[in-house]
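Notes follow the structure.
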Amino acid sequence: MLFILFFIFIVIPVIEITVLIEVGEQLGALTTVALVILTAAVGASLVRSQGLQTLRSAQQKMQLGQQPGQEMIEGIMLAIAGVMLVTPGFVTDFLGLLLLLPFTRQFFANKLLERIIIKNMARQQQPFNGGFGQQHNPNSDDVIDGEFVNKDHDFQLKNQNKSPDHKDQ
């Protein structure tokens, strides 16, 4: 996790600055800034249209009684693409564009969905070890019998029997 944070906050900005400097030297500062603004505007527009299309697809699946898992993951990927496209720089714009294109987004979403399913299946096949977070097996013959006392209820009944004029002695 530390490596991922280091990569996001240190490595990517250094790469972005380097690319921006190189492009600025070739095209000029004003043209480079205009390109960065243009890619942000076009990217935001494309994310909006793709997001609406993904939302419609998810709604159709739900109406058919199917789970829209693929569409949910694609929606998250579109949000990430939107952040990348609005972030100044050409490297993040390229990565955002990869997530924005339907065929690459579907490919990445399929791979991520497969990974999530495999992890959930592996987690369900682990034997019960008595730890927290384990689910109870409803087919188990284990029965726990016990009694309880609701002290809040008893306290309320006791206070209801007292009148405001009556004082304890």
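The values are calculated or read from the model by the stated rules, or taken from the named source; none is laboratory data. Quick caveat: nothing in here was measured; it's all calculated off a predicted structure. Methodologically, a virtual Cβ is constructed for each residue, glycine included, from the backbone with ideal geometry; neighbour enumeration extends over all protein chains shown.
Going by what's in this entry, would residue 133 be described as at pLDDT 70 or above and in a loop (DSSP other than H, G, I, E, B)? Give the steps one after another, and end with the answer.
Details: at pLDDT 70 or above: no; in a loop (DSSP other than H, G, I, E, B): yes.
It is false that residue 133 is at pLDDT 70 or above and in a loop (DSSP other than H, G, I, E, B).
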Could you figure out which of (1) in contact (Cβ under 8 Å) with a residue 40 or more places away in the chain; (2) on the phi > 0 side of the Ramachandran plot isn't true of residue 40?
-> (2)
Which numbered condition trips up residue 34, out of (1) under 15 Å from residue 85 (Cα atoms); (2) loosely packed, with under 12 Cβ neighbours inside 10 Å?
-> (2)
For residue 18, state whether it is at pLDDT 90 or above and surrounded by fewer than 17 Cβ atoms within 10 Å (Cβ to Cβ).
-> yes
Criterion violated by residue 68 - all others in (1) surrounded by fewer than 12 Cβ atoms within 10 Å (Cβ to Cβ); (2) closer than 24 Å to residue 113 by Cβ; (3) at pLDDT below 90 satisfied = (1)
Limited to the stretch 1-60, what total is found for residues that are farther than 26 Å from residue 72 by Cβ and of a type in the set (D, E, K, R)?
-> 3
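Please work out if residue 94 is within 25 Å of residue 8 (Cβ to Cβ), modelled with pLDDT of 90 or more and either touching a strand residue (DSSP E or B) at 6+ places or on another chain (Cβ under 6 Å) or surrounded by 14 or more Cβ atoms within 10 Å (Cβ to Cβ) (or both).
Working: within 25 Å of residue 8 (Cβ to Cβ): yes; modelled with pLDDT of 90 or more: yes; either touching a strand residue (DSSP E or B) at 6+ places or on another chain (Cβ under 6 Å) or surrounded by 14 or more Cβ atoms within 10 Å (Cβ to Cβ) (or both): no.
Spelling it out, it is not the case that residue 94 is within 25 Å of residue 8 (Cβ to Cβ), modelled with pLDDT of 90 or more and either touching a strand residue (DSSP E or B) at 6+ places or on another chain (Cβ under 6 Å) or surrounded by 14 or more Cβ atoms within 10 Å (Cβ to Cβ) (or both).
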Any idea how many residues of the stretch 17-38 are in contact with a Pro (Cβ under 9 Å, 6 or more places away or on another chain) and small (Gly, Ala, Ser)?
-> 0
How about the stretch 82-91: which of its residues are buried (at least 17 other Cβ atoms within 10 Å of the Cβ) and more than 20 Å from residue 29 (Cα to Cα)?
-> 82, 84
Residue check for residue 79: out of contact with any strand residue (DSSP E or B) (no Cβ under 9 Å at 6 or more places or on another chain), exposed (fewer than 14 other Cβ atoms within 10 Å of the Cβ), at pLDDT 90 or above and over 22 Å from residue 114 (Cβ atoms) | no
